[in-house]
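Structure, as structure tokens:
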Amino acid sequence: MIQNLNDLLFIISNYFFISFGIYSILYLILSIFIKKKILYKTDNEVCKLIIFLGIIYFVVWTIAVFISLVNEESRTYLLNRMFGKYWIGFWLQPLFWIGMTQLLRLEKIQKKWFSRILFSFFFIFSFEKIVIITTSLHRDYLPSSWTMYSDLDFLPDYFWINLILKIILFLLFAGIFYSIRKTILNFWTIK
């Protein structure tokens, strides 16, 4: 059960939050050149999806923590992580993502360029990834798997395909979320 919850957290963070960060950058670029109303409506629905996913992330993360605390084998380890020497590593990233998703409820934050760029950066790069990149760049040796070529050999072709598919899948889920939300709203207004 705990593995399924962790998998769901992984899917939400690595597919939806990262895709939203990339989408936000693309949206900001497109909104400079295209002033269509549908672009703004799409962005509004995408932000509602991320707000909803932030709530789902919070609920699943809380359930996973409580289930781990009930389990005798993992309780000591988890309590040490939660309140030990490196407690900030346990609490910071999930609470940061939950807070950012819920701050998108505020229209001032949702519509401001600076906040969207800042949020997209933190959705794309988690604190763990930032630490890994920083420590990797501060090494004073060149690993044997790296090359000294200056072209884009470090980005394989499937990276771009994966990126495009993530954005398409994200927008597809935003469309599904929009239709479900509209159906529910129409059902409640008819009654």
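Residue pairs, Cβ under 7 Å, 6 or more apart or interchain, first in region 83-94 and closer than 14 Å to VAL131 by Cα, second part of a helix (DSSP H, G or I) and modelled with pLDDT under 85. List them.
Listed pairs, sorted by first residue: LEU92/PHE127; GLN93/PHE127; GLN93/GLU128.
Look through PHE122, PHE66 and report the one residue that is closer than 28 Å to MET1 by Cα and either part of a helix (DSSP H, G or I) or acidic (Asp, Glu) (or both).
PHE66
With the structure loaded, tell me whether ILE29 is modelled with pLDDT of 90 or more and out of contact with any helix residue (DSSP H, G or I) (no Cβ under 9 Å at 6 or more places or on another chain) or whether it fails that test. Let's see the steps before the verdict.
Details: modelled with pLDDT of 90 or more: yes; out of contact with any helix residue (DSSP H, G or I) (no Cβ under 9 Å at 6 or more places or on another chain): yes.
When the stated conditions are applied, ILE29 passes them.
May I ask you to list pairs of residues, at least six apart or on different chains, whose Cβ atoms are under 6 Å apart, with the first in region 48-74 being over 10 Å from LEU9 (Cβ atoms) and the second being in a helix (DSSP H, G or I) and of a type in the set (Val, Ile, Thr)?
Listed pairs, sorted by first residue: ILE50/THR101; ILE51/THR101; LEU53/ILE12; GLY54/ILE98; GLY54/THR101; PHE58/ILE98; ILE67/ILE2.
Any idea how many residues of region 64-80 are surrounded by 10 or more Cβ atoms within 10 Å (Cβ to Cβ) and modelled with pLDDT under 85?
Residues that pass the stated criteria total 2.
Every residue in region 81-90 that is loosely packed, with under 13 Cβ neighbours inside 10 Å and modelled with pLDDT under 90, please.
GLY84, LYS85, TYR86, TRP87, ILE88 - these are the residues of region 81-90 that are loosely packed, with under 13 Cβ neighbours inside 10 Å and modelled with pLDDT under 90.
Hey, can you tell me all the residues within region 50-79 that are out of contact with any Lys or Arg (no Cβ under 9 Å at 6 or more places or on another chain), within 22 Å of SER24 (Cβ to Cβ) and hydrophobic (A, V, I, L, M, F, W, C)?
ILE50, LEU53, ILE55, ILE56, PHE58
Which residue is modelled with the highest pLDDT, if the candidates are limited to region 98-129 and must be of a type outside the set (Gly, Ala, Ser) and over 25 Å from LEU30 (Cα atoms)?
Top of the filtered list is ILE98.
The values are calculated or read from the model by the stated rules, or taken from the named source; none is laboratory data. Computed from a predicted structure; not experimentally measured. All Cβ positions, even for glycine, are placed from backbone atoms using ideal geometry, and neighbour counts span all protein chains on display.
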